[in-house]
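One structure below.
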Amino acid sequence: MDDDLKQNDAETCRRVLSGDRNAFREIVLRYQKQMLRTASSFLGDAEQAHDAVQEIFIKVFHSLHKFDTNRPFAPWLYSIAMNTLRTSYGRRRRIEFREGIEYDEPAGAAPEAESQNPIDEVIREEQRREVSAAIATLPPTLREVVVLYYIEQLSVSETSEALGITTENVKSRLFRARKILKGKLLPDATDGAVW
């Protein structure tokens, strides 16, 4: 993560803690897209993702006094996000089980820049849907490392810090997730290196 961003995050957090509530808006604007992408990828539902992101930022605001401004902000934020998303996912699963509701098709990652060729864009969108649907089938412990590492592009150590697990555990979960995803997305692939 960029050192300037780390310093900027720390300074913005200090301003919020000193009573500048407008400074929190800067945090929301800085991380809103990432949180929405994370929530959509994890929950697979755009409407629930929006609700979850609001809940994430409310929790961040109320917990900011616990944040050590000498540490990186993003892993701390993602830690709160993942805890919130796990709770939201569990709540959703219980409701759907009781009501017999089937899952919606998962939301994809943020769209790429518009293509000049509409056929290429349709193919890319279909691939995004397939990948998102495959990610949505992963157990939550594997899905969260995939979302943080591949979609949010956190490092292994940042993912470890965000999830409160060891870096070896992150690597192990990524390996297992890749193996499962390869089986779902490339079922005819020969055994060999995983991605």
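Being small (Gly, Ala, Ser), over 20 Å from GLN153 (Cβ atoms), free of Cβ contacts under 8 Å to residues at least 12 places away in the same chain and surrounded by fewer than 17 Cβ atoms within 10 Å (Cβ to Cβ) narrows it down to one residue among SER63, SER18; which is it?
Just a single option satisfies the conditions, and that option is SER18.
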How many residues does region 25-46 hold that are free of Cβ contacts under 8 Å to residues at least 60 places away in the same chain and either surrounded by fewer than 18 Cβ atoms within 10 Å (Cβ to Cβ) or in contact with a strand residue (DSSP E or B) (Cβ under 8 Å, 6 or more places away or on another chain) (or both)? 6
For region 36-54, indicate whether the set of residues that are closer than 30 Å to ARG21 by Cα, modelled with pLDDT of 70 or more and of a type in the set (Val, Ile, Thr) is non-empty. yes
If you take the residues in region 125-140 that are in contact (Cβ under 8 Å) with a residue 12 or more places away in the chain and not in a helix (DSSP H, G or I), which one is surrounded by the most Cβ atoms within 10 Å (Cβ to Cβ)? LEU138
Filter region 158-175 down to the residues that are exposed (fewer than 14 other Cβ atoms within 10 Å of the Cβ) and under 17 Å from ALA81 (Cα atoms) and list them by number. GLY164
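The values are calculated or read from the model by the stated rules, or taken from the named source; none is laboratory data. Note that this is a predicted model, so its numbers are computed, not measured. Note: ideal-geometry Cβ built from the backbone for every residue, glycine included; neighbour counts use all protein chains shown.
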